[in-house]
Amino acid sequence: METIILAVVIAVVVLGALGGLVVGSRRRKPPVAPPPSPPDLTAPEAEPHVGEEAETPRDEPRRTIEEVDLPEASAPTAVEEPPVVEELAAPPIEIPEPTAGRLVRLRARLSRSQNALGKGLLTLLSREHLDEDTWEEIEDTLLTADVGVQATQELVERLRERVRVLGTRTPEELRGLLREELLTLIGPDMDRTVRTEPDTGKPGIVMVVGVNGTGKTTTTGKLARVLVADGRSVVLGAADTFRAAAADQLQTWGERVGAHTVRGPEGGDPASVAFDAVKEGKELGADVVLIDTAGRLHTKTGLMDELGKVKRVVEKHAPLDEVLLVLDATTGQNGLVQARVFAEVVDITGIVLTKLDGTAKGGIVVSVQRELGVPVKLVGLGEGADDLAPFEPEAFVDALIGD
Ligand SMILES: Nc1nc2c(ncn2[C@@H]2O[C@H](COP(=O)(O)OP(=O)(O)OP(=O)(O)O)[C@@H](O)[C@H]2O)c(=O)[nH]1
Ligand SMILES: [Mg+2]
């Protein structure tokens, strides 16, 4: 009997000591202490403590974890927690800014990078004598800005003729002439609306294509925001199945504005993801389905064939309303070669010129339109969520030469 009592006493002492050790070790090793879910659950209860700790600037993050951990030991009831976790996890839906006048708002960025072209031309034109050398310099300036040989020659010829007819010229007149000629080159009358409303039924189907890293996913995300801002409901199709990260990237864009993302297994068939996205879009009654595709080099025939298949499979639902080719403005003339090949495989209906904020080669607008006979519809002017603007020729030219 005595031994039993002794054993019990020893047990109690040992347990007590162990308990102290456990708490002690928890305190000493905060990274181990918070098991994945409990901290979230107990966080609200611990808020006063966390707040107190937080008042001393964030120099002791470990302590904060410790504080969160302590209540958990005494209150491991997991029942109340799911709603709390959901609340914490639900990202707030953003309201994107309206699209009207975006190019004007982003103009500073455009003119900063394009100055070389517009200002250079104006300086040259305002020379006392417009001799052969000056006209040649004007040509060079246009060529450097990627306007393209043929378009450059046309512009210079017309300008020369008009300057000759004009006789005397003021800087204002010259600016006016240059503005008109640049506008003619860009094509002020092309229809640049992004088609998202099919003639019959819903949803509108838009596919985004291009070589690697041009800004397809970013553009798809930005475009979703534009549409949502205009009151349309959007479903995103993550048909870039090469990397799971690509679908995550798109989904993150979607979550920010409340657009549902359809995705498939990594390495899965992009055509079937695209097909399913449109199917879900139909079922959900969405207004627009935006399909993001994997970047692919135009020289890889296998991948280009795959892109053709994605398009054909989607078309089992309905014709595509828009196939947007995303071109990186900084790649210059190589962009034209890409454009040609993509246009052969999937009928391109519009061009998105990205990264115009980082290059003085805005002349690519002219050459790519000529190359494909397809208008530039959108321009990317930064990495920010709302840095995508409808392409407006007049605002673009004004940004080039100032007004
Ligand atoms: N400065 C600037 N950066 C941009 C613009 N558009 C996209 N980017 C950046 O370009 C990088 C690539 O963008 P993504 O959208 O991932 O390109 P992607 O074409 O989807 O790439 P892949 O799927 O790998 O082919 C990112 O860092 C973007 O933030 C733009 O208009 N201006
Ligand atoms: Mg991408």
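The values are calculated or read from the model by the stated rules, or taken from the named source; none is laboratory data. Since we're looking at a predicted model, the values are computed, not measured. Cβ placement follows ideal geometry from the backbone for every residue including glycine, while neighbour counts extend to all protein chains displayed.
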Working carefully through the options GLY258, GLY176, GLY267, find the one that is over 19 Å from VAL326 (Cβ atoms) and within 16 Å of ligand 2 (Cβ to nearest atom). GLY267
Out of the residues in segment 106-136 that are among the charged types (D, E, K, R) and surrounded by 15 or more Cβ atoms within 10 Å (Cβ to Cβ), which is modelled with the highest pLDDT? LYS119
Six or more apart or on different chains, Cβ under 8 Å: which pairs go from a residue in segment 277-294 that's away from ligand 2 (no atom under 12 Å from the Cβ) to one that's among the small types (Gly, Ala, Ser) and in a helix (DSSP H, G or I)? Could you list them? VAL288/GLY281; VAL289/ALA277; VAL289/GLY281; LEU290/ALA224
Picking from VAL314, VAL310, which residue would you name as being away from ligand 1 (no atom under 13 Å from the Cβ) and farther than 22 Å from GLY335 by Cβ? VAL314
Selection count where residues are over 11 Å from VAL211 (Cα atoms), in contact with a Leu (Cβ under 9 Å, 6 or more places away or on another chain) and in a helix (DSSP H, G or I), scope segment 291-329: 3
From the option list ALA389, ALA360, ALA339, single residue qualifying as more than 16 Å from ligand 2 (Cβ to nearest atom), within 30 Å of LYS279 (Cα to Cα), touching a residue at least 12 places away in the same chain (Cβ under 8 Å) and not in a helix (DSSP H, G or I) is ALA389
Residue ID - surrounded by the most Cβ atoms within 10 Å (Cβ to Cβ), chosen from residues in segment 249-272 that are under 13 Å from THR293 (Cα atoms) and of a type in the set (A, V, I, L, M): LEU250
Go through VAL326, VAL310 for me and flag whichever is under 22 Å from the mean Cα position of the chain (by Cα), under 15 Å from ILE205 (Cβ atoms) and touching a residue at least 60 places away in the same chain (Cβ under 8 Å). VAL310
Just name the residue that is surrounded by the fewest Cβ atoms within 10 Å (Cβ to Cβ) out of those in segment 214-248 that are of a type in the set (Ser, Thr, Tyr) and within 10 Å of ligand 2 (Cβ to nearest atom). THR219
